[in-house]
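Trainee: Sharing a structure with you now.
The values are calculated or read from the model by the stated rules, or taken from the named source; none is laboratory data. Given the structure is predicted, the values throughout are model-derived calculations rather than measurements. Methodologically, a virtual Cβ is constructed for each residue, glycine included, from the backbone with ideal geometry; neighbour enumeration extends over all protein chains shown. Remember, those area values only see protein heavy atoms, side chains included, never the ligands or the DNA or RNA. Shrake-Rupley method; radii C 1.70, N 1.55, O 1.52, S 1.80 Å.
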Amino acid sequence: MARCRVCGAPAVICYPESRLCLCRDHFLEHFESKVERTLRRYRLVREGGFVLAAVSGGKDSAALLGVLSRLSSRLGFRLAAVHIDLGIGEYSRRSREAAVRLARELGVPLAVIDLRELLGLGVPELAVKARRPPCSVCGLVKRYLTNAAGVEACADAVALGHNADDLAVYALKSFLTQDLEAIPKLGPGTESIPGLAVGRIRPLYLASEKESFLYAYLSGLPFNHEECPHASRRLLEFILKEHLASLESRRPGLRTQFLAKLAKRLNDYPKPEGEPRPCRHCGLLSWGECSFCRLTRRILGEPMGPKAREYVRAKLEEAGAVMCRG
Ligand code: SF4
Ligand code: ZN
Ligand code: ZN
């Protein structure tokens, strides 16, 4: 049986690239220092700053909120969380329950944004009406509402729970499809554009999915173990994930080396042309009309961005998750 390199107790994880094996307690410590190094190295948080964590109710967001709540006092930033209930039946009900329990146990203020309460429809019905795959509508709605929440909360950044496995897949997919403009957005952090978009940070940038799961599980954090019913094994992302896992098993450490190198070269990739402008309906980031206002205008006959911003702000205020001055 593998033993912890630090104390000799039975190991819960071994890193083949460094031949490091760790027991539960030393793994938890190791994970927290890894995330702290990521936050410091890429300057993702500042002392006195305010971070709003997007919590889906799954394992990655549990690890994210758990580790950020431990690091927030050490690094001197304030933390709150936001959960979006996507209205996907039982899956969303359980994810919401897990997010609420998680935030309560960690003592982090949580605002819950309920898509059905806001639009009268959940992701499955929106997808049918828009004649688009559920994941495409879901991604659009999540991006819009987390950005709206970050702007309305006056947060320095919204923290996302993407781990290294996810990010390597997104980057590889962008190369394969030559969607090179997407690559600069996949780094450890993006800058805020005042009034239009909040910066996004990825504290788990260099942490694997396995580490993220183990951290949440061994810390006893609540999370929804189920997969969304719309997750499909036929998607290119899923296929790439399997191939990358097999490459990683033959070349341990490849994924994080790739991401660490990519983070240094993000400026070499093209950026969208033209200046971003406020959406003519809701005022958030767009190139004229934002995709959320366009989608809701087509489906519901009214661009719902302005109402969404009002609704999100009210939920954040109710939860005590706003830090606007004046
Ligand atoms: Fe949304 Fe698709 Fe993920 Fe389900 S699998 S939560 S529909 S993006
Ligand atoms: Zn140990
Ligand atoms: Zn808009």
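Trainee: If you rank ILE84, ILE113 by how much accessible surface each has, with a 1.4 Å probe, what is the order from largest down?
Mentor: ILE84, ILE113
Trainee: What are the radius of gyration and Dmax of the stretch 197-281, computed over its Cα atoms and given in Å?
Mentor: For the stretch 197-281, the Cα-based Rg and Dmax read 17.6, 51 Å.
Trainee: When all C-alpha to C-alpha distances in the stretch 7-148 are sorted into bins of 10 Å, what percent of pairs does each bin hold, rounded to whole numbers?
Mentor: Spelled out per bin, shortest first, that is 10, 32, 29, 21, 7, 1.
Trainee: Then there is this: Anyone know which of LEU79, LEU236, LEU115 comes out most mobile in the 10 Å Cα GNM of the chain?
Mentor: Comparing LEU79, LEU236, LEU115 in a Gaussian network model of the chain, the most mobile one is LEU236.
Trainee: Using just the helices of the chain, give the 222 nm mean residue ellipticity in deg cm²/dmol: DSSP H runs with n ≥ 4 each add -39,500 (n - 2.57), and the total is spread over all residues, rounded to 500. Write out the running numbers ahead of the final one.
Mentor: On the way: 12 runs with 159 residues, N = 326.
-15500 deg cm²/dmol, from helical runs alone.
Trainee: By how many nm would the segment from GLU181 to GLU302 lengthen if fully extended, with 0.36 nm per residue of separation less the alpha-carbon distance?
Mentor: Residue separation times 0.36 nm, minus the Cα-Cα distance, leaves 40.5 nm.
Trainee: Determine the shape class of the stretch 231-276: with a ≥ b ≥ c the square roots of the Cα gyration tensor eigenvalues, call it rounded for a/c under 1.5, and otherwise prolate if a/b is greater than b/c, oblate otherwise.
Mentor: Numbers: a/c = 4.61, a/b = 1.43, b/c = 3.23.
In terms of gyration-tensor shape, oblate.
Trainee: I'd like the Karplus ³J(HN,Hα) series for the stretch 212-218: coefficients 6.51, -1.76, 1.60, θ = phi - 60°, whole numbers in Hz, and an x wherever there's a Gly or Pro.
Mentor: 4, 4, 4, 4, 5, 5, 6
Trainee: Quick one: if the Förster radius is 30 Å, what FRET efficiency do SER249 and TYR170 give, using the C-beta to C-beta distance and rounding to 0.05? Walk me through the numbers before you get to the answer.
Mentor: On the way: r = 20 Å, r/R0 = 0.68.
Once the sixth-power term is evaluated, E becomes 0.90.
Trainee: Right, another one. Obtain the nm distance between the two label points defined at SER232 and ALA260 by a simple spin-label model: each point lies 7 Å from its Cα along the Cα-to-C-beta direction.
Mentor: 3.7
Trainee: Pull up the DSSP beta bridges for the chain and report the antiparallel fraction as a percent, rounded to 5.
Mentor: Once the DSSP bridges in the chain are tallied, antiparallel ones form about 35 percent.
Trainee: List the equivalent ellipsoid semi-axes of the chain in whole Å, largest first, each obtained as the square root of 5λ for an eigenvalue λ of the Cα gyration tensor.
Mentor: Each semi-axis is the square root of five times an eigenvalue, giving 32, 22, 20 Å.
Trainee: Considering the chain as a Gaussian network with a 10 Å cut-off on Cα pairs, which listed residue, GLU275, GLU209, GLU237, attains the greatest mean-square fluctuation?
Mentor: GLU275
Trainee: Kirkwood hydrodynamic radius of the stretch 121-257 from all distinct Cα pairs, in Å?
Mentor: On the way: mean 1/r = 0.0592 Å⁻¹.
Its Kirkwood hydrodynamic radius stands at 16.9 Å.
Trainee: Would you mind checking LYS34/LYS185; LYS129/LYS210; LYS173/LYS210 for any pair whose Cα atoms are more than 27 angstrom apart? Show your work: numbers first, answer last.
Mentor: On the way: LYS34/LYS185 22 Å; LYS129/LYS210 37 Å; LYS173/LYS210 21 Å.
In this structure, LYS129/LYS210 lie more than 27 Å apart at Cα.
Trainee: Only four residue types carry charge here, +1 at the Cβ of Lys and Arg and -1 at the Cβ of Asp and Glu. Report the dipole size of the stretch 35-106 about the Cα centre in Debye, rounded to the nearest 20.
Mentor: For the stretch 35-106, the charge dipole is close to 320 debye.
Trainee: GNM, the chain, Cα, under 10 Å: largest mean-square fluctuation among SER33, SER69, SER95?
Mentor: SER33
Trainee: Report the residues of the stretch 17-37 in range of a label on ARG3: point 7 Å along Cα→C-beta, backbone N strictly under 14 Å from it.
Mentor: Under 14 Å, as judged by backbone N against the label point of ARG3, lie 21-23 of the stretch 17-37.
Trainee: Let me ask another. Not counting ligands, DNA or RNA, and with a 1.4 Å probe, what is LEU28's accessible surface area in Å² rounded to the nearest 10?
Mentor: Ignoring ligands and nucleic acids, LEU28 comes out at about 20 Å².
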